[in-house]
Amino acid sequence: MAILTEVISFKDVSLNFGGVQALKNVSFDIKENSLFAIIGPNGAGKTSLLNCINGIYKPTTGSISIFEKDSKELHPDEIANLGISRTFQNIELFENMTALDNILIGAHRHVNYGPIRSLFYSKKVREEEKKARQISENVIDFLEIEEYRYSFILSLPYGIQKRIELGRALAMEPKVLLLDEPAAGMNNEETEDIARFILDIHEELGITVILIDHDMNMVMDIATEVVVMDFGEKLFQGNPADAARDQKVIDAYLGVS
Amino acid sequence: MRKRPDLYTNYKSESAIFSTLTQKVWFVLLLFISLLLPFYLSNYWMLLVTTSLLIAIASWGLNIVSGMAGQINLAHGVFVGIGAYTSAVIGGVATSSVIGFELDMIFWLPISGAVAALIGVIISPVSARLKGLNLGLVTLAIVFIGSHFFSNLKFITGGAGLGRKAAKLKFLGFDLDSGISIGNLILEKNDVIYYFSLILCILLGIGAKNLTRTKIGRAFSAIRDRDIAAEALGINLFKFKMYAFALSSFYAGIAGSIIFIISGGVEPGTFSLLYSITFIAIVIIGGVGTVLGPLYGAFFFTMLPGIIQVILHALGVADTGFFLNAGEIERIVFGFFIIFFLVFEPRGIWGIWFRLRNYFKAWPFSY
Ligand SMILES: Nc1ncnc2c1ncn2[C@@H]1O[C@H](COP(=O)(O)OP(=O)(O)O)[C@@H](O)[C@H]1O
Ligand SMILES: [Mg+2]
């Protein structure tokens, strides 16, 4: 049996915005190959956790290590290039571009040449671009979005936009994928589709997935481990079935303090 | 049977510069006409065409940094100036007041682009720290710093009000300042400048197009539209903003190195704030972020005085009898077009062309 190692570990992380404490002394480890869910009511600090992982926020105190590197010393793009990719709670696609161009931008880190070669559209550029296109086409196949390839983002329905944002993140060919409420605003059928894709990403592609949801249902079925957040604090960590039986978790969800 | 124009059967044809046969035919036709132009147009119009080509090159530069990468730059004209003085020093004649090395164009052309690009690289970190209006303000300051240097580095520029001669036109050892005869074909200096400008315009235009169809252009657009998402996708903002400024200034430097050879001299006062803003207007009028837009805008801007002259002559009010002179009318008309395009057609002349083309494609079923 392979030894499970941590890809990301939080040590006593606190995050303050002026008077607001978005995270309070949060510690946990995320193991390689897990499907790690973070749940909690709105404002619990879930998105802040993701923003800390990918370096958009830096912890006020405490530390986060990503593949055993201290996140404080890394820019967001450097963290991305370690193989960490993400989607956003409110879709952050490039709206004036086609779905394909968005996904190609996701493949950015696999494309290797500089501006001068680009001006000349040299042989190297053509080869690298072909590689980027191949990666993008694999993603398009995987997510079954062939028909939207050349559509501009603004012309696409919300559910498809969410899927394209997922595609853009996958085109990074990440080791760890962070998903911020991927099923938010979707109907049951779309939610099932997304859940199926997430399982496939985890199992077929072998990617470590960190999944945020404010509602417990989807997560309970697919997660291997869950952390429950409330008011910036970690209420619970363990397997999903136990979370549903935990009194503190039940209280948080019922609004009892 | 006509093939479906949007159906690409392989990756190569999809990413080609000219995706249809019609476009290729048009390009060849235009190229052919361009080559013959000096034999049919008067000197006056040839000068306007040459200027348009060079202004187009500089405008492509601005379009790279502002249109593609979204970084406001009010100092683009300064980089044109840097190109102009670099070529004047390397390729110009020394006098008692200014230095000059009379070197070949093969040296001063690339070096002018490189020096401008280098200065672009040096100021680009500013754009990594500042955004939007604040960046605009800093670039505004660069216009004034540039003007100060241009006026005071007299051994390079000749000083305010005086200026200096531009570079000499010497290419691969041939002295082209007094024209050249090939067989019984006589090319005057201005024809030579025209052909150089045409070649550079085609090459750099293709370069601009190449940027848009590769990773570099995509990264620029990503930074322009959503910098946080771009960073989360592994795009190094600092590095790519530097690339944008470097490429942009390179284009400006190349254009600047040649454009003043037409009139023969450069004067520091040229590189005012208004000069920089002209490029912004050209890009807006032509179509921000499009490949052909800056070319259209440059021709429109440069040809406008000529066209207004023609109209005034036709109306018989060219010299007297009208309360505005030609220069004033030019500025008013140009200002009007800037507002018109900003309000009604943000995609500029390119946008109008795009709509016309689609209209005629659908003809007679247009509605
Ligand atoms: N950039 C910010 N500036 C100020 N407050 C913030 C910022 N980001 C998050 N917060 C605050 O931190 C808390 C947690 O927010 P968030 O992480 O978005 O929660 P969740 O994703 O669980 O809904 C909220 O009270 C929110 O208002
Ligand atoms: Mg959130």
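The values are calculated or read from the model by the stated rules, or taken from the named source; none is laboratory data. Everything numeric here is computed off the predicted structure, so don't read it as measured data. As a convention, Cβ positions derive from the backbone with ideal geometry for all residues, glycine included, and neighbour counts pool all protein chains shown. Each accessible area value is taken on the protein alone, full model and side chains, heavy atoms only, with ligands, DNA and RNA left out. Shrake-Rupley method; radii C 1.70, N 1.55, O 1.52, S 1.80 Å.
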Legend entry - the range A:93-171 shape via C-alpha gyration tensor axes, a/c threshold 1.5: prolate
Inset, instruction - Provide the net charge surrounding residue A:112, with neighbours chosen by a C-beta distance below 12 Å and charges set as Lys +1, Arg +1, Asp -1, Glu -1. - result: +2
Inset, instruction - Run the dipole for the range B:41-270 about the Cα centre, Lys and Arg Cβ at +1, Asp and Glu Cβ at -1, nothing else charged, and hand back the magnitude in debye, nearest 20. - result: 700 debye
Inset, instruction - Indicate, rounded to the nearest 5 percent, the antiparallel portion of the DSSP beta bridges found entirely in chain A. - result: 55 percent
Inset, instruction - Would you rank A:215, A:230 by solvent-accessible area, highest first, keeping every protein chain in place and using a 1.4 Å probe? - result: A:215, A:230
Inset, instruction - Enumerate by residue number the chymotrypsin sites (Phe, Trp or Tyr not before Pro) in the range B:261-358 meeting two conditions: DSSP loop (anything except H, G, I, E, B), and at most 13 other Cβ atoms within 10 Å of the site's Cβ. - result: B:323
Inset, instruction - Go through A:209, A:241, A:222 and say which Cα lies farthest out towards the positive end of the charge dipole of the range A:180-257; charges sit on Cβ, +1 for Lys and Arg, -1 for Asp and Glu. - result: A:241
Inset, instruction - Could you list which residues have their amide H under 5 Å from that of residue A:31, counting only those 5 or more apart in sequence or on another chain, with H placed in the peptide plane? - result: A:7
Legend entry - Ranked packing of A:54-61, A:184-191, most packed first, by mean Cβ within 10 Å: A:54-61, A:184-191
Inset, instruction - Would you kindly find the accessible area of residue A:29, with a 1.4 Å probe and non-protein molecules such as ligands, DNA and RNA excluded, rounding to the nearest 10 Å²? - result: 60 Å²
Legend entry - Relative contact order computed over chain A (Cα-Cα under 8 Å; 6+ residues apart), in percent: 27 percent
Inset, instruction - Considering Cα pairs under 8 angstrom that are at least six residues apart, work out the relative contact order of chain B and quote it in whole percent. - result: 28 percent
Legend entry - Average beta-carbon neighbours from other chains, 10 Å sphere, peptide A:102-108: 5
Inset, instruction - Could you check how much of the accessible area of the protein assembly as shown is carbon and sulfur, as a whole percent, using a 1.4 Å probe? - result: 62 percent
Inset, instruction - With springs only between Cα atoms under 10 Å apart, run a GNM on chain B and tell me which of B:118, B:200, B:35 wobbles the most. - result: B:35
Inset, instruction - Over the protein assembly as shown, average the accessible area per residue using a 1.4 Å probe and give it in Å², no decimals. - result: 47 Å²
Inset, instruction - Provide the per-residue ³J(HN,Hα) series for the range B:91-101, in order, calculated from phi with Karplus coefficients 6.51, -1.76, 1.60 and θ = phi - 60°, each as a whole number of Hz, with x at glycine and proline positions. - result: x, x, 8, 6, 10, 5, 9, 10, 8, x, 10
Legend entry - Cα centroid separation, the range A:1-51 to the range A:182-211 (Å): 20 Å
Legend entry - Cleavage-rule hits, GluC sites (Glu not before Pro), the range A:41-85, DSSP coil, Cβ neighbours within 10 Å at most 16: A:68
Inset, instruction - Hand me the trypsin sites (Lys or Arg not before Pro) from the range B:60-158 located in a DSSP loop with no more than 15 other Cβ atoms within 10 Å, in residue order please. - result: B:131
Inset, instruction - Output the relative contact order of the range B:222-367, whole-number percent, from Cα pairs under 8 angstrom with separation of 6+ residues. - result: 22 percent
Inset, instruction - Would you be so kind as to identify which of A:100, A:153, A:115 lies farthest towards the positive end of the dipole of the range A:93-171, taking Lys and Arg as +1 and Asp and Glu as -1 on Cβ and the Cα centre as origin? - result: A:115
Legend entry - DSSP bridge orientation in the protein assembly as shown - percent antiparallel, rounded to nearest 5: 60 percent
Legend entry - J(HN,Hα) series, the range B:259-276, from Karplus relation 6.51 cos²θ - 1.76 cosθ + 1.60, nearest Hz, glycine and proline x: 4, 7, 5, 4, 8, x, x, 10, 10, x, x, 4, 8, 7, 4, 4, 4, 5
Inset, instruction - Work the Kirkwood hydrodynamic radius out for chain B: mean of 1/r over every pair of different alpha-carbon atoms, inverted, in Å. - result: 21.9 Å
